[in-house]
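Written below as structure tokens is the structure these notes are about.
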Amino acid sequence: MSIPDKKKEKQGKRASFSGSLGYILAVAGSAVGLGNIWRFPYLAAKYGGGMFLLTYLVLVVTFGYALIVSETAIGRKTRKSPVGAYRFFGTSGFMKAGGWINAVIPMLIVPYYSVIGGWVTKYLFEYIKGNSSSLAGDGYFGSFISDSANVELWFLVFAVIVFAVILAGVKNGIERISKVMMPLLVVLAVVVAVYSVTRPGALEGVKYFLIPNFKNFSVMTVVAAMGQMFYSLSIAMGILYTYGSYLKEDVDIEKTTRQVEIFDTAIALLAGLMVIPAVFAFSGGAPETLNAGPSLMFITLPKVFDSMGFGNAVGVVFFLMVLFAALTSAISLMETSVSTLTDELGFDRRKGCILMAAVMLVFGSASAMGFGVWDFVTILGMSVLDFLDFLTNSVMMPVAAFATCILVVRVMGCSEVAKEVRRSSAFKREKLYRFVMRYLAPVCIAVILLSSIASVMGWIQM
Ligand code: PHE
């Protein structure tokens, strides 16, 4: 990812991306991450396979599309990150709350995101040491995450890398590496997916993942798909306001949105094809594996790699790329968090980093230990990590998205956004855009919030 140099901004004009490629790479770097490779397959496995996929795709091209366009256009119009962008339109309590909820979400995600990033780093390390066959063993993952000291250690390793990049300001370097790593990730994902899909017994998994079966549909399918859409596209959390604010006027917002969506979805699909058929080929599609949740990728992929005969080599390359994708996303989360603190609370960058380090340490460590020494700490029946994931994805992001809908529909008016978009393209999907912002989005958000409440109350099972 790359957020243009803040220094330039101090010297006068707000910095901007060099053009649409720079912008797409930055947004794609933020969007493509653990959400696609780790989170998407386990949710699809758990919440209805093909039905989940279909719901997800419909949401991406409607709700997701409208939200990306809104956030980017508002960012570009106001040249501000979320708190400032809301303030641009008014100083009422709603405007303050709307800006801040967008700004706080990344601060809550980055700690637990880094814990998963730590798991990835640990797996990479083990593959480098040549431990492919023990990683493929049944109990490996379970015993690793219950070893809290070890999980904490790898979480810290990941977190230190993130801070090092943020402090050293080597983001431009990252943009250059992205150009190589992202295509490589695609190629490797295709290779592994083809291998996975052609294993004996995998076909059942391909069918489960790709063919919608209405039997598998439930409210939870929609709730999970919507949370995932926010998460994977990096929307409803202020990131795209910030990125939009660096965007030049002549860059076509519609086109870049489409490209980012296609890329992000393609990676998620490939990850699904790597993981879900493998569950059927290697574990016979057992329900407990399908429902494994956050551990799914770490349980099935090592089995796939090991069976390839050169598991260590594939494991090293694969986890290196996942680590890279995770880092670019974590950096975008951290960068937005730090810039909110510096812009809004008047902190200098160092102080902002120190505060975020404290947040990371508290929430990250609590998440890291939640499967081991702190497994007695549960919030509403969830481990700390699951709770933070639930709180941000199923409660706060819908609220943040709702705030954006109100800002657009009631405060600015859809026409204002349309005007901004039309500065750089024809806005062909304006009708769809208006419909989503006025009707579809509020209804979906109501559904997700009611279901979240119902699940907390124990009325439905998440
Ligand atoms: N979209 C990223 C992913 O899929 C996660 C992320 C969320 C990054 C929010 C930045 C902001 O992994």
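The values are calculated or read from the model by the stated rules, or taken from the named source; none is laboratory data. Please read all numbers here as calculations on a predicted model, not as lab measurements. Neighbour counts are summed over all protein chains in view; Cβ atoms, including those assigned to glycine, are modelled from backbone coordinates with ideal geometry.
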**OP:** Select the helices (runs of 4 or more DSSP H) contained entirely in region 63-163, then report the ones holding at least 3 residues which are modelled with pLDDT of 95 or more and within 27 Å of SER394 (Cβ to Cβ).
**Re:** 65-78, 93-128
Subject >> Matching option when the condition is more than 24 Å from the chain's Cα centre (by Cα) and either within 30 Å of SER307 (Cβ to Cβ) or surrounded by fewer than 17 Cβ atoms within 10 Å (Cβ to Cβ) (or both), among ALA149, ALA97 >> reply: ALA149
Original post:
Do we find a residue being more than 16 Å from the ligand (Cβ to nearest atom), in contact (Cβ under 8 Å) with a residue 60 or more places away in the chain and under 23 Å from PHE387 (Cα atoms) anywhere in region 267-287?
Top reply: no
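Yes/no per residue for (1) under 19 Å from TRP119 (Cβ atoms); (2) part of a loop (DSSP other than H, G, I, E, B):
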| position | (1), (2) |
| --- | --- |
| MET360 | yes, no |
| GLY364 | yes, no |
| SER367 | yes, no |
| ASP375 | yes, yes |
| ASP386 | yes, no |
| SER394 | no, no |
| ALA403 | no, no |
| SER424 | no, yes |
| LEU432 | no, no |
Subject >> All positions within region 326-350 that are of a type outside the set (A, V, I, L, M) and within 16 Å of the ligand (Cβ to nearest atom) >> reply: THR328, SER329, SER332, GLU335, THR336, SER337, SER339, THR340
**OP:** Only residues that are farther than 29 Å from LYS248 by Cβ, among the aliphatic types (A, V, I, L, M) and touching a Leu at 6+ places or on another chain (Cβ under 8 Å): list them for region 401-457, please.
**Re:** VAL456
**OP:** Output the qualifying pairs, or none if there are none: Cβ atoms under 8 angstrom, residues six or more apart or on different chains, first residue in region 359-378 and within 15 Å of ALA149 (Cα to Cα), second residue assigned to a loop (DSSP other than H, G, I, E, B) and of a type in the set (S, T, N, Q).
**Re:** SER367/SER383; GLY370/SER383; PHE371/SER146; PHE371/SER383; GLY372/SER146; ASP375/SER146; ASP375/SER383
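Being surrounded by 24 or more Cβ atoms within 10 Å (Cβ to Cβ) and within 13 Å of the ligand (Cβ to nearest atom) is the filter here, so list the residues in region 100-115 that pass it. I'd like the intermediate steps shown before the answer.
Taking region 100-115 and keeping what is surrounded by 24 or more Cβ atoms within 10 Å (Cβ to Cβ), we get 102-103, 105-106, 109-115.
The answer is ASN102, ALA103, ILE105, PRO106, ILE109, VAL110, PRO111, TYR112, TYR113, SER114.
Across region 233-261, what is the total count of residues that are within 15 Å of the ligand (Cβ to nearest atom) and either more than 25 Å from LYS80 (Cβ to Cβ) or crowded, with 24+ Cβ neighbours inside 10 Å (or both)?
First, the residues of region 233-261 that are within 15 Å of the ligand (Cβ to nearest atom): 233-244, 257, 260-261.
Among the residues that remain, those that are also either more than 25 Å from LYS80 (Cβ to Cβ) or crowded, with 24+ Cβ neighbours inside 10 Å (or both) are: 233-244, 257, 260.
Here the count works out to 14.
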Subject >> So TYR231, is it assigned to a helix (DSSP H, G or I), closer than 14 Å to GLY48 by Cα and among the aromatic types (Phe, Trp, Tyr) >> reply: no
Original post:
Which is within 14 Å of the ligand (Cβ to nearest atom) and either in contact with a strand residue (DSSP E or B) (Cβ under 6 Å, 6 or more places away or on another chain) or farther than 23 Å from PHE402 by Cα (or both), of GLY33, GLY64, GLY48?
Top reply: GLY33
Original post:
Taking the stated definitions as given, is SER2 of a type in the set (Ser, Thr, Tyr), within 13 Å of the ligand (Cβ to nearest atom) and either modelled with pLDDT under 90 or assigned to a loop (DSSP other than H, G, I, E, B) (or both)?
Top reply: no
**OP:** Go through region 209-228 and give me each residue that's within 24 Å of the chain's Cα centre (by Cα) and assigned to a helix (DSSP H, G or I).
**Re:** PHE209, LEU210, VAL219, MET220, THR221, VAL222, VAL223, ALA224, ALA225, MET226, GLY227, GLN228
Subject >> Residue count for region 366-383, restricted to those that are out of contact with any Leu (no Cβ under 9 Å at 6 or more places or on another chain) and within 16 Å of ALA159 (Cα to Cα) >> reply: 1
Subject >> Every pair of residues 6+ apart whose Cβ atoms lie under 6 Å, when the first sits in region 325-350 and is part of a loop (DSSP other than H, G, I, E, B) while the second is of a type outside the set (Gly, Ala, Ser) >> reply: PHE347/LEU341
**OP:** Would you point out the residue of region 424-454, among those that are under 16 Å from THR221 (Cβ atoms) and free of Cβ contacts under 8 Å to residues at least 24 places away in the same chain, that is surrounded by the fewest Cβ atoms within 10 Å (Cβ to Cβ)?
**Re:** VAL443
